Amino acid sequence: RSSSPLLRAVAETLLVRFPGVVEGHLYSGIAAIYDGDFMAVIRPLEQALAMDSSALGKTGVNCGGCEAFPWLVSAYAMADSGSAAERVARRWLKLQPHSWQAAQLLIGTLHTRGRSQEADSLLNATVPADAGYAILLAQRVGSALRVGDYSGAEAMIREDLRRATPWQLSEDYWWLAISLREQGRLTAALDTARQLRRFPDVNRR
């Protein structure tokens, strides 16, 4: 959780002492990502997926394999292999077709690859029936930012600022700060980020 430089050593110790435990393989892969060694990620994370294959086929079960999928997608994406990232994301959704987390991962991957229309169609098809407005807003704002539609993203954010709860206000300011930062408007981004101090008791993601 703290991105400690010691993570790789701890993970390798887990692998040696408890080779049959998923976490050693999972955290070895995560440590390799932190070290920028993206191709070294594949073997341990695929091992974590193989070891947790039975849990992956079940809905609502926490598993190391479920944690491995987003990291594996990220590794491929950071290694500039968008097609491989998409294949892994689709693989997870095929294994857990009702997983909103898996759907979100594929939606983000499609947006990153410039296939926004396909991503939006998937969003409309997979969003949970009980999803609140905040979830949909976050998806749509995030999608707009990925394709560089800053004016569209800010229009949605500023509209929500007029009616949002304290929790949602903190989310709105967070998204707005990111949008401004991505545009190179760093002073405005910093001023917006300072607004988050108004919500000290709201948990951030």
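The values are calculated or read from the model by the stated rules, or taken from the named source; none is laboratory data. Just so it is clear, the model here is predicted, and its values are computed rather than measured. We place every Cβ from the backbone using ideal geometry, glycine too, and count neighbours over all the protein chains shown. Just so you know, the surface numbers come from the protein's heavy atoms only, side chains and all, with ligands and any DNA or RNA stripped out. Shrake-Rupley method; radii C 1.70, N 1.55, O 1.52, S 1.80 Å.
Evaluated over the Cα positions of the range 88-205, the convex hull gives a direction-averaged projected area, one quarter of its surface, of 7.9 nm². Calculate the FRET efficiency for A134 and R198 from the Cβ-Cβ distance with a Förster distance of 22 Å, rounded to the nearest 0.05. According to the calculation, E is roughly 0.75.
With respect to the chain, whose longest principal axis is taken over its alpha-carbon atoms, helix 64-78 is tilted by about 70°. Normalised per residue, the accessible area of the range 65-205 is 55 Å², obtained with a 1.4 Å probe and no contribution from ligands, DNA or RNA. Axis of helix 7-17 versus longest Cα principal axis of the chain: the two differ by about 30°, to the nearest ten degrees. Return the tail of the calculated pair distribution for the chain, meaning the percent of Cα-Cα pairs more than 32 Å apart. Tail of P(r) above 32 Å: 26 percent of Cα pairs. Applying 1/(1 + (r/R0)^6) with r as the Cβ-Cβ distance of R162 and E46 and R0 = 41 angstrom yields a FRET efficiency of 0.30.
Got a number for carbon plus sulfur as a percent of the chain's accessible area, 1.4 Å probe? Here carbon and sulfur together make up 53 percent of the probe-accessible area. Take every pair of alpha-carbon atoms less than 8 Å apart whose residues are at least six positions apart; their mean separation over the length of the chain yields a relative contact order of 10 percent. For the chain, the longest principal axis of the alpha carbon atoms and the long axis of helix 133-146 meet at an angle near 80°.
What order, most packed first, do the peptides 45-51, 143-149 have when packing is the mean number of other Cβ atoms within 10 Å of each residue? Provide the component values of the computation, followed by the final result.
Working: 45-51: 21.7, 143-149: 17.4.
Output ranking for 45-51, 143-149: 45-51, 143-149.
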